[in-house]
Structure formats: C-alpha cells, structure tokens
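To keep things clear, I will list the structure first and then write my remarks on it.
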C-alpha cells in the first residue's frame, strides 16, 4: 500500500504511515480495553512512519508504549519498545485514517477478554488469550 | 447499578451511583478519530458521580467535552456541557470490568461505520446520520 495520512480528532497531530498489509485487527485485552473506549482496532505500520504535533506517550508495560494527542486525547498508536525482533513495531489506530484504511477486519485477539455486552460481526479468526500467547511464544517474543 | 471504574494506569478512578445497563455506540467521524475504532458510552447522571485523578478535557464541539487521563491517555467520558442533554456522563465501557455488564442496545451514525468492521446484534437499534441529526438539531453545526 502507499503512504497514508491520518489525523486525530482536533487535528493537532497528523500521522503518516504505510500499512504493512491492508489489514486491521481488533484487540480486546484488558489494557487495550481500558485505554480505548472499548477495543483497539489498528493496523501494523511499515517502518518509516511519522507524526507531528503534541504527541504524548505512556509506557503501559515493560515492552510497549501507547501514544495519544496531548490536546484532545485521541488514541494514536501502540508501539513495542522492548529490545528484540519486534522492537519499534507500531500499530496505528485505524480511526485516524479515512475509512480505517479501507481494510476488512482480519482478526480479533483476546476474544475471551471481550465484555459480553457487544461483539464485532464477521467471519474471521478469533483468538483467545492462551492462543495469542502461544503464538507469541512460538515467535520468540511477547509483543502484546 | 453502582459501579467503580479506572483508567489503564489507575491514576483516574470513577465511582458511579447509577450506571445504565445499556451501551450506545457512535460511528461519527469525531468519535472514530478519538477512540481509534468505535466510541461507546454508558450513561450515568452527574449527581452521584465522583471522579478523582489527573483528568484533562477537550471541548470537541460547542456542546460537548471529551475527557481522558493525562497520565496514560485512557478515554474516560463524553459529556454535554451546553445545550440539551446536560447533566449526564457517557462513560466509556473500558473503565469497568466486563463493561459493568452493560449490553449494546443502540448504534448511532450506524451508516457511517468503516467498511471493514461493524457491531453485530439483530436487536440493536441502528440510527443513521440523517435520522440522528434530524432528531438532534443542535448537532448540525458541529458534525461536518
């Protein structure tokens, strides 16, 4: 895909990113759920993405940070900070971009942590926490 | 029902005396950019709400504010502070364990959802942008 431009609600932060794949996925883990309104829907950005404006970051764990607009509070991205093969991997909030980059939801993860009161439609893989952790372990890195 | 909630980092805590058991979701462009996916809210009358911690707010329209935790960026609420429907918080479900047991009952700006994902539920009320703005005239000068 080519480079796309996105912006937060107030427009103070603009981001440019090239999706690694035309693919978005949703995470219902406890951290994503508390941080966003309910679920984090994001795409993986290829290296070379950028942002301008009042970006604030929070180290949400020993291995990752979350960024938001300091003016309006819009969620911006989740980034792996821990050393290793996934360091720097960035998952951009799809909502910053027109029509969520035009991608279809490819998967949901931590589906067993999703509240019972709502659900996303569609026929796509839905992975439990145990399945996600097994996948990460197989990849040699915990990058949630 | 009463409920206790907190943001991702735990700096902001909310104690709510009367939280609705219904979730309303919104796909307008402002809510999409702010939440990164789909904004959801659970109503609670302001009387009986106690909020502690480093809250920041942004006046996203002439009638409404959006609040987040200044430390971690977690979304907290949307609230009308002028015009109709003041006196009510719309807390994000993510603050509460299992979304406080609340259930999705309504999606507004339902026809504006990104092509790639939507919330399921045959019994969920779907309100289009046109219908919603016809019923809420104060929105027309805020939502482009």
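The values are calculated or read from the model by the stated rules, or taken from the named source; none is laboratory data. Keep in mind that what you see is a predicted model, and the values were worked out from it rather than measured. No Cβ is skipped: glycine too gets one built from the backbone with ideal geometry, and neighbour counts run over all protein chains shown.
Of the residues in the stretch B:115-129, at least one is in contact with a helix residue (DSSP H, G or I) (Cβ under 8 Å, 6 or more places away or on another chain), surrounded by 14 or more Cβ atoms within 10 Å (Cβ to Cβ) and part of a helix (DSSP H, G or I). Taking the criterion of being exposed (fewer than 15 other Cβ atoms within 10 Å of the Cβ) and in contact with a strand residue (DSSP E or B) (Cβ under 8 Å, 6 or more places away or on another chain), the only residue of the stretch A:99-115 that qualifies is A:104.
With respect to the conditions (1) in a strand (DSSP E or B); (2) touching a residue at least 24 places away in the same chain (Cβ under 8 Å); (3) at the interface with another protein chain (Cβ under 7 Å from one of its Cβ atoms), residue B:34 lacks only one, and its number is (1). When the test is whether a residue is touching a strand residue (DSSP E or B) at 6+ places or on another chain (Cβ under 8 Å), more than 18 Å from residue B:3 (Cα to Cα) and modelled with pLDDT of 95 or more, residue B:86 does not pass it.
If you go through the stretch A:63-78 and keep only what is at pLDDT 95 or above and either at positive phi or more than 13 Å from chain B (Cβ to nearest Cβ) (or both), you end up with just A:73. Output yes when any residue across the stretch B:9-24 is assigned to a loop (DSSP other than H, G, I, E, B), more than 18 Å from residue B:107 (Cβ to Cβ), in contact (Cβ under 8 Å) with a residue 40 or more places away in the chain and at the interface with chain A (Cβ under 9 Å from one of its Cβ atoms), and no when none is. Yes, the conditions are met somewhere in the stretch B:9-24.
Would you confirm, using the coordinates I've provided, whether residue B:105 is part of a strand (DSSP E or B), out of contact with any helix residue (DSSP H, G or I) (no Cβ under 9 Å at 6 or more places or on another chain) and touching a residue at least 40 places away in the same chain (Cβ under 8 Å)? For residue B:105, the condition - part of a strand (DSSP E or B), out of contact with any helix residue (DSSP H, G or I) (no Cβ under 9 Å at 6 or more places or on another chain) and touching a residue at least 40 places away in the same chain (Cβ under 8 Å) - is met.
Going by the structure shown, is residue A:112 free of Cβ contacts under 8 Å to residues at least 12 places away in the same chain and in a helix (DSSP H, G or I)? Against the criterion (free of Cβ contacts under 8 Å to residues at least 12 places away in the same chain and in a helix (DSSP H, G or I)), residue A:112 does not qualify.
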